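Below is one structure, written out as structure tokens, with a few remarks after it.
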């Protein structure tokens, strides 16, 4: 036998409260204490199982959140011969993993095919309603005669339990009773009517910040100004980092570990037995259509939106990919890549040829080499002349300043780079700059060309903030070092800057000769 001796200083003093225990039910977590001679009963193992399951679920909802982790691909079966193209009969649900608001794992291991009779219909409060009543609501919402409805059906997945493997138990009175040897954790699917606009709504930000004040939020809180100098003074006055002074703290302080996790399972009678389902805490998977078939029976339609209503759990690898900008469109190729930031000047003849020549019946020049290609389709209407700039920098003749001349870009040609298979309509893969032909003939190739004065620097910008890809994100266009592709720094938008130098025209007099001519003309005039 073991005995313990608690030092006097460590013995608890009598509390002024009337209750000896602040948590008599031990809702924070009751677990077994094992010792020799302990009698193990069914209740003992229930406590053990409950403690392990509840702790795991607590960590799931507190650390990972809730939503679809991955999988659960939803698609409609092709319509059968002789039926309307709107009618699909069944939905195909792929394997997947989701976490509900209570932290329970919703696992679908195989591919399931759902008929309209396989789903549970619920109202907006999560209560089970008869299928006939649901169809009456659908009729009232405008699902008559194939007309578009102001309400849509949301398909959700829910946690469910089902007893398995019956066993006969004989008690001490020799009476037999049936028990279940196992409990199968499974899932069930529900449908409920929601406003169609809710299918496409982005989830609201759960983190909100108010203005913080206090000693810890003062920007110069670390040390006194008089004791700091130089770089240390600058560091001391840096503003707080992302999240503000108290933003994250205030948000997390208001959260409650037990919010929204009442375990209430509704027993549903099915053909093969009974199943207990949590109808309140479902995870939305898709917005689907429900139509009448040729026999006027309700069934699934062929329209499925499996991303609009879906809430996602951001796994670590997914967050890392988002930080890297794997979801962003970038500049994958430019036509003048062999000139980008090169040390030696480009011969004037090559630069002039790259500007192109007039097309048939056109005054504008569709340039030959000044084009860009994108890694994904971009929206045609966002690719405009103001997305590109070409600037010539020439040395001013008297003071030596750099003079800036902006090339007149009058249009962009998006037809020169063909789309790829599967690209959406009204999207393009690239664009080519179109410049003013008169400007080329006069300011580039004419007698008044700015390229007659030594070397000229050309700078080209592609403004990624203006160009939206097929997902509505700005093109990640930031140039990186000496590389021309792929561009980007992992955030939407940014400017691709490229520069190179162009030698003067071959027939241009050198600076000394031009100065002699100027001096001679001044002498004649005097």
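Quick notes
- Inter-residue pairs, beta-carbon under 7 Å, first closer than 11 Å to residue 291 by Cβ and in segment 130-158, second exposed (fewer than 14 other Cβ atoms within 10 Å of the Cβ) and modelled with pLDDT of 55 or more, 6+ apart: 149/142
- Residue 352 being surrounded by 16 or more Cβ atoms within 10 Å (Cβ to Cβ), modelled with pLDDT under 95 and in a strand (DSSP E or B): no
- Taking each residue of segment 475-500 that is farther than 14 Å from residue 337 by Cβ and not assigned by TED's automatic domain parsing to the domain that holds residue 392 and looking for partners that are assigned to a loop (DSSP other than H, G, I, E, B) and modelled with pLDDT of 95 or more with beta-carbon atoms closer than 7 Å, six or more apart or interchain, yields nothing.
- Restricting 385, 424 to those that are within 35 Å of the chain's Cα centre (by Cα) and under 17 Å from residue 469 (Cβ atoms) reduces the list to 424.
- Residue count, segment 184-218 (criterion: closer than 30 Å to residue 276 by Cβ and in a helix (DSSP H, G or I)): 2
- Per-region count, segment 375-411, residues closer than 20 Å to residue 476 by Cα and assigned to a strand (DSSP E or B): 8
- When each of 441, 461, 396 is tested for being in contact with a strand residue (DSSP E or B) (Cβ under 7 Å, 6 or more places away or on another chain) and exposed (fewer than 15 other Cβ atoms within 10 Å of the Cβ), the lone residue that passes is 396.
- Hits in segment 279-297 (condition: crowded, with 22+ Cβ neighbours inside 10 Å and part of a loop (DSSP other than H, G, I, E, B)): 279, 282
- Scanning segment 319-331 for residues that are in contact with a strand residue (DSSP E or B) (Cβ under 8 Å, 6 or more places away or on another chain) and either assigned to a helix (DSSP H, G or I) or over 30 Å from residue 71 (Cα atoms) (or both) returns a single hit, 331.
- Any hit, segment 427-442, residues being touching a helix residue (DSSP H, G or I) at 6+ places or on another chain (Cβ under 6 Å), assigned to a loop (DSSP other than H, G, I, E, B) and modelled with pLDDT of 85 or more: no
- Residue within segment 432-447 that is assigned by TED's automatic domain parsing to the domain that holds residue 377 and closer than 19 Å to residue 329 by Cβ present: yes
- All positions within segment 96-122 that are modelled with pLDDT of 90 or more, out of contact with any helix residue (DSSP H, G or I) (no Cβ under 8 Å at 6 or more places or on another chain) and either in a strand (DSSP E or B) or closer than 15 Å to residue 284 by Cα (or both): 96, 97, 98, 100, 106, 107, 108, 113, 114, 119, 120, 122
The values are calculated or read from the model by the stated rules, or taken from the named source; none is laboratory data. As the structure is a computational prediction, the values presented were derived from the model and not from experiment. Because the Cβ atoms are built from the backbone with ideal geometry, glycine has one as well, and the counts that use them run over all protein chains shown.
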